[in-house]
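Heads up: the structure comes next, in structure tokens.
FYI, it's all coordinate maths here, none of it is from the lab. All of these numbers come straight from a predicted model, not from anything done at the bench. For neighbour counting, all protein chains shown are included, and Cβ atoms are generated from backbone atoms with ideal geometry for every residue, glycine included.
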Amino acid sequence: MPSQRGSARRRQRCVLLTGIAILLIALVLAAALASVLTGRKEEASPEPLKWQGGGTTRNLREIVLGRCYSYLVEGRVKLGDKDCLKIWESLKAAFIHKNPCNATTKDYQPLMELASHPVPCNKSLFWSRTYDLVHLYSRSNHHFLTLEDTFLGYMLDGLSWCGDPSAPGINYESCPKWSECEGSSGSVFWKMASKMFAEAACGVVHVMLNGSIETGAFRSSSVFGSVEVFNLNPDKISEIRIWLMRDIGGPQSDSCSGNSIKKLRNILEERNFKITCEDNYRPVQLLQCVHNPGHPDCSLCTNSTEAP
């Protein structure tokens, strides 16, 4: 009997040790598997790329859809049938999960087609370095449309967006500035939209430039100077009127007879456009004076000069 009891105890001890060994092996395997899966997850979701500009606007989808529906209700121009959800999906597809420095015109072409609409003749108002003033004027005088007053421009004006190869595919931390890469999401989009806006212009076209810029009102490197000027159609446009506006109290750096405007004139005349230029166009200057009524410059609002 004692030998049988000893044999049974040895068997129990052996079974116990075997069970412990199996449990330890299972724990080691589980830890190894967890490590592999965690490593794969980290590899699939690296940190988003870092850029110098601000990240994608928070709640971008809701803002775009809200502006889309608002513009349709306002009915400022004839749009026809527009599907706001399709427009948003087209915008998202153009950049999500993509390197924001590798944007192409092909990415945004479906969006351009969905959001395009005719621009009535004599209403196109172009600008360069006069953003605040030109939109103050276009909002107070609905006879004119800037790019940002069109359906597409209105929806995306002032917003930022870019994709990223890592999840969730949208970079909310940073996006490249235009100067960081030529093919940035914002640069490609706005240059395409500007080209489309210029191609649609007809009749009398207006341009508002800033005469208080020391380097000159016209820059060939600006979107107006590099994109819009060369996509205006002389067969559709009867005249281009330049308004050279100077800041109230600001430096009088340029004029219609200055070298900068002469350069612009030469470019346009070579393309067979008729051009006029006016310093401090009176209706716009009066609008400037509403915000600066006591400034000495505003007592001279009638002194605008037009150059043929």
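Some points to look at:
- Modelled label reach - Leu65, point 7 Å along Cα→Cβ, segment 87-109 residues with backbone N closer than 16 Å: 87-93
- Spin-label model, Arg58/Asn259: points 7 Å from Cα along the beta carbon direction are separated by 4.8 nm.
- Gly54 long-range amide H proximity, modeled H, under 5 Å: Cys175
- Between Cys277 and Ile242, Ala307, the built amide H atoms are under 5 Å apart, and every one of these is 5 or more places off in sequence or on another chain.
- Rg over Rh for segment 53-298 works out to 0.98, both radii taken from alpha-carbon positions and Rh defined as the Kirkwood radius.
- Amide H within-cut-off set for Ile237, under 5 Å, with H built and near neighbours excluded: Gly203
- Across segment 177-187, computed HN-Hα scalar couplings (Karplus, 6.51 cos²θ - 1.76 cosθ + 1.60, θ = phi - 60°) run 6, 4, 6, 6, 7, 5, x, 5, 4, x, 4 Hz from first to last residue, x flagging Gly and Pro.
- Cβ-derived FRET efficiency at R0 30 Å, Val290 paired with Ser220, nearest 0.05: 0.35
- Across segment 53-298, the relative contact order, built from alpha-carbon pairs under 8 Å that are at least six residues apart, equals 20 percent.
- Difference of contour (0.36 nm per residue) and Cα-Cα distance, Ser140 to Lys50: 28.4 nm
- Estimated distance in nm for a label pair at Lys236 and Asp81, the labels positioned 7 Å out from Cα along Cα-to-Cβ: 2.4 nm
- A simple spin-label model places pseudo-atoms 7 Å from Cα toward Cβ; at Ile96 and Gln109 they are separated by 2.2 nm.
- Using every pair of distinct Cα positions in segment 245-294, the Kirkwood expression returns a hydrodynamic radius of 12.5 angstrom.
- Whether segment 156-245 is rounded, prolate or oblate, judged on the alpha carbon gyration tensor where a/c under 1.5 counts as rounded: prolate
- Among 202-213, 173-184, 235-246, the order from most to least packed when residues are scored by Cβ within 10 Å on average: 202-213, 235-246, 173-184
- Only one residue of Val134, Ser174, Leu152 has its Cα farthest out toward the positive end of the dipole of segment 115-196, where Lys and Arg carry +1 and Asp and Glu -1 on Cβ, and that residue is Val134.
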